[in-house]
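Okay, structure first, notes after.
The values are calculated or read from the model by the stated rules, or taken from the named source; none is laboratory data. Every value quoted in this text rests on a predicted model; they were computed, and no experiment measured them. Glycine also receives a Cβ, built like all others from the backbone with ideal geometry; neighbour counts cover every protein chain displayed.
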Amino acid sequence: MTTVRLRLLVLALAPLVLLMPLLLLLGMTRWTSDYDKVLIANVESDLRIAEQYLARIMTATGDELKGVAESAEFAQVLGEDRNAETAFFRRKRDELALDFLYYLPEENAIEDAARWPVIATALNGRSDTQIDIFAAGDLARFPGDLAGRARIDLIDTEAAVPSARMAEDRGMVVHAASPVHLAGQEGVLVGGILLNRNLDFIDTINALVYLNAVTGGDRQGTATLFLDDVRVSTNVRLFEDVRALGTRVSAVVRGAVLGDGKTWLDRAFVVNDWYISGYLPLTDSYGERVGMLYVGFLEAPFTAAKRSAYLWMMAAFAAVLALSGPVFLWLAKGIFAPLERMTQTMRRVGQGDLSARNALTGARDEIGQVAAHLDDLLDQVQDRDRRLRAWADELNQRVEERTAELREANEKLESTYRQLVMSEKLASIGEITAGVAHEINNPVAVIQGNVDVIRETLGADAAPLQTELNLIDQQVTRISAIVGKLLKFARPSEFSGYDETVALAPVVSDCLVLVEHVLAKGDIQVDTHIEPVPAVRIDPGEMQQVVINLIVNAVQAMGDAGRLDLTLRPEGREGREGVCLSLRDTGPGIPTDKLDTVFDPFFTTKLGEGTGLGLSISQSLIQRAGGIITARNADGGGAEFRIWLPAADQARFTAQ
Ligand code: ADP
């Protein structure tokens, strides 16, 4: 999810991050170049103004000189004395703001014409004004210390062509000459303005050029007149209020303007800073490049303006970028929220919560449709899961039912098998026992018969043998009883078929009477609890035999002392009415693993004394009567035998 979001963010911001700077760069480059062009155009027009001003001064000087040369006053003065002439020239010089003014008669003019083309032109009858360079000696000839004014000490300047010269003593002069035609007097009137240190001239140019505040405010605009490469008149400052007279132009500008004669329109290093500059080569009357006219303004404010424009653009770009990120993420949230919701839903489903749904009811776009589709699918999955679970539960229930049925069937099978084995066992034992009993009966009958014969034969003589004979009788009776018991056990059916109903209470009471002598042998206490119970269908003799056997077993187990609890009460089992007789003693009880075995024929722990047939026969008798006999160990210790018999009918007998 994060990577998709990141990718989308990159996708959305890439044009902004990559293209915007490119566009900005292109735009700024274009703007800068236009801006520079405007600045150059500006300085070019400034230079033209300065050039025109210089031209105007030259023209005006020429015109004024011509006016003087042609004036009547001049014609009059020329013929007068020397003093008047000098006073006239001085006055006119001051009026016309010239630095020198003099008249050359023709013969002198011819001499000077060889040196100054302007004079030559004037001799030819035309006024002319040119820029000329005067050597210090030339200047020294004029009154007013022109040579001193012109002299400028050179100052070492960064980037200028190295020079060994210490001072510039030449003078740059606006040199005008006008022909004089008077009666008898032909000549040339010559005037000039020294431009070295002519600060009025340069300040006027500066004031004219830099009228506007943009380029001219607070000494930003500068103008200079160069003699060769030396600043002879300038408003460029070296320091505060110290003009940079004597400093020189940079080597590059010098090469281009003075060397190649080009007009320089570009940035240039001026004295100590960079200026947007215009340099115009100035030629003298020989057509030689002798100096330059310069105007320019400080580049720094415009560079600063450019830089601040750049910074503004970059700041704006950064701000747009900084804003775009969050705005995009905010917009992208609308896309990603449903996707995240779906992921969350799938995670919950994965953890087993099939009820999880997207439930994006508001979203109708493609993602919303996918979410709705997913919800539909989850509905189906949940429905199928529910049905599968129901099937699984049903299946489990069926398996459990079948298992229970199988277990029950198995138990029945086992018990049937046990009964079968037991029946087989009993049948075989019965047969053997019956055979043995019959075999014993015959010899016993013979013994009894012969004892009777002996007794009859001896008559009174039998008296001394009476004890032995009685013993034989007793033992024979005992043998008969045992054989009878064996036969009863072996062929119980022969003794069955008792159809009368019987009340158990008197039968149980009779039993207690019959075993009184057994109980009396030790200290045995008998507690009877007899409730009214329904009649049952059993041979009372057999019932007595069973009860007596149980009482005798209990007494034998308890030994000398103990208590026998005998309870008779009604008890229904499996919806059938019945009677339960319970005998509980305080003896040692029966070992748990022997609880079932005690009913096996011939199982006895009374070696030599017991036959192990008592409980077995009792079980046969009770079962034949439709009842059940069970053994268990009582909670307080001791064995408990319970006989349950079904009720014969609904009639109830009370204890008597
Ligand atoms: P016999 O009494 O001849 O041994 P029974 O079939 O009556 O034969 O009894 C079988 C065995 O059951 C006894 O030897 C005895 O170990 C055990 N038994 C019977 N009744 C009790 C009882 N009340 N307490 C403890 N053991 C008993």
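Taking Leu24 as the residue in question, decide whether it is within 30 Å of Arg341 (Cβ to Cβ), part of a helix (DSSP H, G or I) and touching a residue at least 12 places away in the same chain (Cβ under 8 Å). Full working, then the answer.
Values: within 30 Å of Arg341 (Cβ to Cβ): no; part of a helix (DSSP H, G or I): yes; touching a residue at least 12 places away in the same chain (Cβ under 8 Å): yes.
When the stated conditions are applied, Leu24 does not pass them.
If the requirement is being under 30 Å from Thr501 (Cβ atoms), surrounded by fewer than 20 Cβ atoms within 10 Å (Cβ to Cβ) and more than 9 Å from the ligand (Cβ to nearest atom), which of these qualifies: Gly572, Gly627? I'd like the intermediate steps shown before the answer.
Details: Gly627 fails: surrounded by fewer than 20 Cβ atoms within 10 Å (Cβ to Cβ).
Every option except Gly572 fails the conditions.
Do we find that Leu280 is within 15 Å of Glu44 (Cα to Cα), touching a helix residue (DSSP H, G or I) at 6+ places or on another chain (Cβ under 9 Å) and assigned to a helix (DSSP H, G or I) in this structure?
No; evaluated as a whole, the condition is false for this residue.
Give the residues of segment 324-352 that are exposed (fewer than 11 other Cβ atoms within 10 Å of the Cβ) and within 22 Å of Arg387 (Cβ to Cβ), sorted by residue number.
Hits for segment 324-352 are Gly350, Gln351, Gly352.
Starting from segment 578-593, take each residue that is closer than 16 Å to Glu531 by Cα and list its partners that are within 13 Å of the ligand (Cβ to nearest atom) and aromatic (Phe, Trp, Tyr), counting only C-beta distances under 9 angstrom and pairs at least six apart or across chains.
Leu581/Phe641; Ser582/Phe641; Leu583/Phe641
Considering segment 23-48 alone, what residues qualify as being among the hydrophobic types (A, V, I, L, M, F, W, C) and surrounded by fewer than 11 Cβ atoms within 10 Å (Cβ to Cβ)? Let's see the steps before the verdict.
Step one: filter segment 23-48 for residues among the hydrophobic types (A, V, I, L, M, F, W, C), giving 23-26, 28, 31, 38-41, 43, 47.
The answer is Leu26, and nothing else.
Can you tell me which condition Arg254 does not meet? The list is (1) closer than 28 Å to Ala304 by Cα; (2) assigned to a helix (DSSP H, G or I); (3) free of Cβ contacts under 8 Å to residues at least 40 places away in the same chain, and all the others hold.
Evaluating Arg254 over (1) closer than 28 Å to Ala304 by Cα; (2) assigned to a helix (DSSP H, G or I); (3) free of Cβ contacts under 8 Å to residues at least 40 places away in the same chain leaves (3) as the failure.
Only one residue in Thr477, Thr433 is modelled with pLDDT under 90, within 16 Å of Ser616 (Cα to Cα), part of a helix (DSSP H, G or I) and over 60 Å from the mean Cα position of the chain (by Cα). Which one? So that I can check it myself, show each step before the final result.
Values: Thr477 fails: within 16 Å of Ser616 (Cα to Cα).
Answer to the check: Thr433.
Among the residues that make up segment 84-101, is at least one of them in a helix (DSSP H, G or I), modelled with pLDDT under 90, closer than 30 Å to Ala322 by Cβ and not β-branched (Val, Ile, Thr)?
Scanning segment 84-101, I find no residue that is in a helix (DSSP H, G or I), modelled with pLDDT under 90, closer than 30 Å to Ala322 by Cβ and not β-branched (Val, Ile, Thr), so the answer is no.
Val236 - would you say it is buried (at least 24 other Cβ atoms within 10 Å of the Cβ) and touching a strand residue (DSSP E or B) at 6+ places or on another chain (Cβ under 7 Å)? Even if it seems obvious, please write down each step before you answer.
Values: buried (at least 24 other Cβ atoms within 10 Å of the Cβ): no; touching a strand residue (DSSP E or B) at 6+ places or on another chain (Cβ under 7 Å): yes.
So Val236 fails the test.
If you check Glu85 against the conditions, is it surrounded by 12 or more Cβ atoms within 10 Å (Cβ to Cβ) and under 30 Å from Val295 (Cβ atoms)? Can you show your working first?
Numbers: surrounded by 12 or more Cβ atoms within 10 Å (Cβ to Cβ): yes; under 30 Å from Val295 (Cβ atoms): no.
No.
How many residues are basic (Lys, Arg) and more than 14 Å from the ligand (Cβ to nearest atom) if we restrict to segment 575-587?
We begin by selecting, within segment 575-587, every residue basic (Lys, Arg); these are 576, 584.
Keeping just the survivors that are more than 14 Å from the ligand (Cβ to nearest atom) gives 576.
Result for segment 575-587: 1.
Somewhere in segment 349-369, is a residue in contact with a helix residue (DSSP H, G or I) (Cβ under 6 Å, 6 or more places away or on another chain) and part of a helix (DSSP H, G or I)?
Of all residues in segment 349-369, those in contact with a helix residue (DSSP H, G or I) (Cβ under 6 Å, 6 or more places away or on another chain) come to 354, 356-358, 360, 363, 367.
Okay, now just the ones that are also part of a helix (DSSP H, G or I), so 367.
Scanning segment 349-369 turns up at least one residue that is in contact with a helix residue (DSSP H, G or I) (Cβ under 6 Å, 6 or more places away or on another chain) and part of a helix (DSSP H, G or I).
So which residues in segment 144-186 are part of a strand (DSSP E or B) and modelled with pLDDT under 90? Give the steps one after another, and end with the answer.
Here is the first cut: in segment 144-186, the ones part of a strand (DSSP E or B) are 152-153, 160, 167-168, 171-182, 185-186.
Of everything in segment 144-186, those that are part of a strand (DSSP E or B) and modelled with pLDDT under 90 turn out to be Ala160, His181, Leu182, Gln185, Glu186.
Rundown of residues vs (1) within 14 Å of Ala160 (Cβ to Cβ); (2) touching a residue at least 60 places away in the same chain (Cβ under 8 Å), yes/no style:
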position	(1), (2)
Gln185	no, yes
Leu199	no, no
Thr204	no, yes
Thr224	yes, yes
Ser250	yes, yes
Gly259	yes, no
Lys262	no, no
Val270	yes, no
Ile276	no, yes
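Do you know which of the residues in segment 559-569 that are surrounded by 21 or more Cβ atoms within 10 Å (Cβ to Cβ) and within 16 Å of the ligand (Cβ to nearest atom) is nearest to Gly522 (Cα to Cα)? Let's see the steps before the verdict.
To start, the set of residues in segment 559-569 that are surrounded by 21 or more Cβ atoms within 10 Å (Cβ to Cβ) comprises 564, 566, 568.
Subsequent filtering for residues that are within 16 Å of the ligand (Cβ to nearest atom) retains 564, 566.
Details: Leu564: 12, Leu566: 18 Å.
Per the criteria, the residue is Leu564.
With the requirement that a residue be among the β-branched types (Val, Ile, Thr), without any contact (Cβ under 8 Å) to a residue 24 or more places away in the chain and within 6 Å of the ligand (Cβ to nearest atom), what does segment 594-610 give you?
Taking segment 594-610 as the starting set, the residues that turn out to be among the β-branched types (Val, Ile, Thr) are 597-598, 604-605.
Still in the running and without any contact (Cβ under 8 Å) to a residue 24 or more places away in the chain: 597, 604-605.
Within segment 594-610, Thr604, Thr605 qualify.
Give the residue, chosen from Ala300, Ala316, that is under 60 Å from the mean Cα position of the chain (by Cα), surrounded by 11 or more Cβ atoms within 10 Å (Cβ to Cβ) and within 24 Å of Asp156 (Cα to Cα).
On the way: Ala316 fails: within 24 Å of Asp156 (Cα to Cα).
That would be Ala300, the only listed residue that is under 60 Å from the mean Cα position of the chain (by Cα), surrounded by 11 or more Cβ atoms within 10 Å (Cβ to Cβ) and within 24 Å of Asp156 (Cα to Cα).
In the set Leu78, Leu16, which member is modelled with pLDDT under 90 and out of contact with any strand residue (DSSP E or B) (no Cβ under 9 Å at 6 or more places or on another chain)? So that I can check it myself, show each step before the final result.
Details: Leu78 fails: out of contact with any strand residue (DSSP E or B) (no Cβ under 9 Å at 6 or more places or on another chain).
Of Leu78, Leu16, the one residue that is modelled with pLDDT under 90 and out of contact with any strand residue (DSSP E or B) (no Cβ under 9 Å at 6 or more places or on another chain) is Leu16.
Just a yes or no: is a residue in segment 102-111 over 20 Å from Asp228 (Cβ atoms), touching a Leu at 6+ places or on another chain (Cβ under 9 Å) and aromatic (Phe, Trp, Tyr)?
Narrowing segment 102-111 to residues over 20 Å from Asp228 (Cβ atoms): 102-111.
Then keep just the ones that are touching a Leu at 6+ places or on another chain (Cβ under 9 Å); that gives 102-104, 106, 109-111.
If we keep only those that are aromatic (Phe, Trp, Tyr) too, we end up with 102-103.
Yes, segment 102-111 contains a residue that is over 20 Å from Asp228 (Cβ atoms), touching a Leu at 6+ places or on another chain (Cβ under 9 Å) and aromatic (Phe, Trp, Tyr).
When residues of segment 548-558 are filtered for being touching a Cys at 6+ places or on another chain (Cβ under 7 Å) and within 7 Å of the ligand (Cβ to nearest atom), how many remain?
As a first pass, look at segment 548-558 and keep what is touching a Cys at 6+ places or on another chain (Cβ under 7 Å): 548, 551.
So of that shortlist, the ones also within 7 Å of the ligand (Cβ to nearest atom) come out as none.
Summing the residues that are touching a Cys at 6+ places or on another chain (Cβ under 7 Å) and within 7 Å of the ligand (Cβ to nearest atom) in segment 548-558 gives 0.
Would you call Ile622 within 26 Å of Asp539 (Cα to Cα) and either near the ligand (Cβ under 9 Å from one of its atoms) or free of Cβ contacts under 8 Å to residues at least 60 places away in the same chain (or both)? Show your work before the answer.
Working: within 26 Å of Asp539 (Cα to Cα): yes; either near the ligand (Cβ under 9 Å from one of its atoms) or free of Cβ contacts under 8 Å to residues at least 60 places away in the same chain (or both): no.
No; evaluated as a whole, the condition is false for this residue.
Please list, ordered by residue number, the strands (runs of 3 or more DSSP E) wholly in segment 497-605 having 3 or more residues that are over 19 Å from Gly627 (Cα atoms).
Passing ranges, in order: 523-530, 561-570.
If we scan segment 112-133, do we find a residue that is in a strand (DSSP E or B), surrounded by fewer than 22 Cβ atoms within 10 Å (Cβ to Cβ) and in contact with a Gly (Cβ under 6 Å, 6 or more places away or on another chain)?
no
Within segment 238-248, which residues are among the charged types (D, E, K, R) and in contact (Cβ under 8 Å) with a residue 24 or more places away in the chain? If you could, list the steps in order and put the result at the bottom.
Filtering segment 238-248 for residues among the charged types (D, E, K, R) gives 240-241, 243, 248.
Listed by number, the residues that qualify are Arg243, Arg248.
Can you name the condition, by its number, that Glu51 falls short on among (1) surrounded by fewer than 19 Cβ atoms within 10 Å (Cβ to Cβ); (2) free of Cβ contacts under 8 Å to residues at least 40 places away in the same chain?
Exception for Glu51: condition (2).
For segment 632-643, name all the residues that are within 8 Å of the ligand (Cβ to nearest atom) and closer than 21 Å to Val536 by Cα. Steps first, please.
From segment 632-643, those within 8 Å of the ligand (Cβ to nearest atom) are 638-639, 641; that's our starting set.
Hit for segment 632-643 is Phe641, nothing else.
Taking only segment 345-372 into account, find how many residues are within 28 Å of Leu6 (Cβ to Cβ) and modelled with pLDDT of 90 or more.
Final tally of qualifying residues: 8.
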